[in-house]
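Taking it in order: structure first as C-alpha cells, then the write-up.
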Amino acid sequence: MFEVIRGPLTVLGRFLLCTIFFMAAVGNKIPHFSDVAKIMESVGIPAPQLLLVGAIVFLIVGSVSVIVGYKARIGAILLLTFLVLATYYFHAFWNLQGQAQQEQMIQFMKNLSMMGAMLFIVANGAGPWSVDSWLPKRVTASAEGRKTLTNANAA
C-alpha cells in the first residue's frame, strides 16, 4: 500500500518544502530588490546587489530543481548554501536580547530544520517520481533498444 502513495508524497513533499524559497525570490527579493539590498548592506554583507542576484538565482534554480526532481541534489546544495548564509547573517539570535532574541531563535531553528531537509535530499535524492529517477530508466531502455537493434542488424 505504501509504495502506491510514495511517489505522490515525495512530489508533494518537495513542492511544500521549496515553495518558501521560490516565493522568497519571486514574491519578495525580485520586486523589492533595492530594499532587500539595503537590508543586506545594513547587516554587513559585502557587494549586496551582486550577492542578491546570486541569492535569487540560487533560490529559483534550487527550488525548481528540487520540486521537479532534476539534479535535485545540486538544487538542494544551492538551497543549503543560501540557508547557511542567510541564517548566519539574518538570524544571529546570540547577538540579541529579550523578545527579539526569541523571535530570531525561532527563525534560526526553522532554517536549521530546512537545512536538515536539504541534507536529506543530498543523501537520498528526490525520490521515485522525479526526473532524476526517470532519466536513468529511459537511458537504460534506450541503450537496450539500440543493443537489440544492433544485434538484429548483425544477424
Between Val43, Val64, Val122, where does the largest GNM mean-square fluctuation fall for the chain, given springs only between Cα atoms within less than 10 Å? Val43
Leading residue at positive end of dipole, the chain (Cβ point charges), from Ile121, Val26, Pro8: Pro8
Solvent-accessible heavy-atom area per residue, rounded to whole Å², over the chain at 1.4 Å: 63
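At a Förster radius of 41 Å, what calculated FRET efficiency corresponds to the Cβ-Cβ distance of Tyr89 and Val131, to the nearest 0.05?
Working from the Cβ atoms, E equals 0.80.
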Debye, to nearest 20: dipole size of the chain, +1 on Lys, Arg Cβ, -1 on Asp, Glu Cβ: 520
Taking the Cα-to-Cβ direction at Leu119 and at Thr81 and moving 7 Å from each Cα, how far apart do the two end points lie in nm? 1.9
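What helices in the chain pass both tests, a Cα length along the helix axis of 30 Å or more and a mean Kyte hydropathy of 0.5 or higher, using whole DSSP H runs?
Values: long enough: 2-24 (33 Å, 1.47); 98-124 (39 Å, 0.29); 131-154 (34 Å, -0.59).
Result, helices passing both filters: 2-24.
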Mind telling me which of Gly98, Gly69, Gly54 comes out most flexible in a GNM of the chain, alpha-carbon contacts under 10 Å? Gly98
A 1.4 Å probe over the protein heavy atoms gives the chain a carbon and sulfur accessible-area percentage of 69
Top of Ile30, Ile56, Ile106 by mean-square fluctuation, Gaussian network on the chain, Cα under 10 Å: Ile106
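The values are calculated or read from the model by the stated rules, or taken from the named source; none is laboratory data. Treat the numbers as computed from the prediction; the structure is a model and nothing was measured. We place every Cβ from the backbone using ideal geometry, glycine too, and count neighbours over all the protein chains shown. Side chains included, ligands, DNA and RNA excluded: accessible areas come from the protein's heavy atoms. Shrake-Rupley method; radii C 1.70, N 1.55, O 1.52, S 1.80 Å.
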